[in-house]
Amino acid sequence: MTSQTLLDYFKERSAAALDLARRFVEMESPTADKNHVDAFGAYVAEEFRALGTEIEVISQTTAGNHLCFNLVPPAAATETGPILILGHLDTVWRFGEITKRPFRIEGGRAYGPGLFDMKMSLALLHMIQQALRDGRLRPRRAIRVLITSDEEEGSLTSRALIEKEAADCHFVLVLEPPLPDYRVKTMRKGVGRFHIAVKGRSAHAGIDHEKGVNAIEELSHQIITLQSLTDYGRGITINVGVVSGGTVPNVVPAEAEAVVDVRVSALTDGEEIAKRIFGLKPAHTGAMLTITGGMNRPPLVRTPAIVHLYEKARDLAQEIGLSLGEGATGGGSDGCFTAALGIPTLDGLGVDGRGAHALDEHIVVADIPYKATLLARLIETL
Ligand SMILES: [Zn+2]
């Protein structure tokens, strides 16, 4: 089918897809809330099962369950090496957010917590499944889909699964939200999280000041050192984002702690920064540092293979008059894991919109059939 015919086909199905996304948004799924994530996951699975796809539910004990299925089974492929499509069930929004900000459509935009990131994308995938079932697409490769439950909190239980599923894949397509102005993400920073706990010695601030070791003072030295590791030129940022310590003003504090966010553009920078953080030494004798954490997502590096993949997508988008740009972001995604394995990964293929993780989160309704067509054409062409 030509891109234009596909676009017309998807235009007719956009309203139904948006309604499916509305139902998805109305079933809230905060990452840490296993019961609700699982209920939502079961609902999503049912929607895909209804069109005849077998869904594997990968049970987790603490995190929500992950979903895995073949949109196009290996037996139906003419080309070896599947395409992996990545999505996630969870959102950053606490349970009850939907009552404060119900789903609504206004001025060509649809609003709702978790719609842009990324419940609309799950509905987009459902459009693709429908098109496949209607015989509208001729994919060459097997299409495997993995929808995880804990992306918004660092993919702690899904990382190994993502890496395993991606291992034999030729390409990975990530349904995360795009950048503004119709740009996919060809570069992402790597992300790390560290926790610095300081142990000092408490003492009466009036009577025994000299006998105390002030944990807050010690932490202050460490904060200055940490912040100074920032190097904008190399795309390295260190943010001491949370600090706490002490009990009351007249006691020398025995404890203080900080939580640190690290972003890097190169894998080796992440390793170097982690080494420096773990190598921090107390400035005061008598103080003790306990450092935990690490880099949890490698950067998505803009390799020639990723540029090539982007250019293919750009050309396909051109066929329906969509000018698809590319860009970089400081935020991580599951695409970081697959790109780090050397598998060409195209991220940010969701529907146009703004405000991921923000109160004005919305999608642009008119973009739905365009992104469905782009995804469909990628599946046919890659
Ligand atoms: Zn996301």
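The values are calculated or read from the model by the stated rules, or taken from the named source; none is laboratory data. No experiment lies behind these values; they were computed from the predicted model shown. Counting neighbours? That spans all protein chains shown, and the Cβs are built from the backbone with ideal geometry, glycine included.
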Elements of type strands (runs of 3 or more DSSP E) contained in the stretch 17-105, each with 2 or more residues being within 16 Å of the ligand (Cβ to nearest atom) and closer than 20 Å to residue 126 by Cβ: 66-72, 83-88
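Let's see how each residue does on (1) within 23 Å of residue 18 (Cα to Cα); (2) assigned by TED's automatic domain parsing to the domain that holds residue 353:
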position	(1), (2)
128	yes, yes
145	yes, yes
148	yes, yes
156	no, yes
176	yes, yes
182	yes, yes
205	no, no
211	no, no
216	no, no
Within the stretch 106-118, considering residues that are out of contact with any His (no Cβ under 6 Å at 6 or more places or on another chain), more than 10 Å from the ligand (Cβ to nearest atom) and not small (Gly, Ala, Ser), the one farthest from residue 375 (Cα to Cα): 106
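For the stretch 351-379, give me the residue count where each residue is farther than 13 Å from residue 112 by Cα, charged (D, E, K, R) and surrounded by fewer than 24 Cβ atoms within 10 Å (Cβ to Cβ).
Count: 2.
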Residue in the stretch 167-188 that is within 30 Å of residue 285 (Cα to Cα), more than 14 Å from the chain's Cα centre (by Cα) and of a type in the set (D, E, K, R) present: no
Wholly enclosed strands (runs of 3 or more DSSP E) of the stretch 120-237 bearing at least 2 residues within 19 Å of residue 298 (Cα to Cα): 171-174, 183-188, 190-199
Boolean, residue 156 is touching a residue at least 24 places away in the same chain (Cβ under 8 Å), buried (at least 17 other Cβ atoms within 10 Å of the Cβ) and either within 24 Å of residue 49 (Cα to Cα) or of a type outside the set (S, T, N, Q) (or both): no
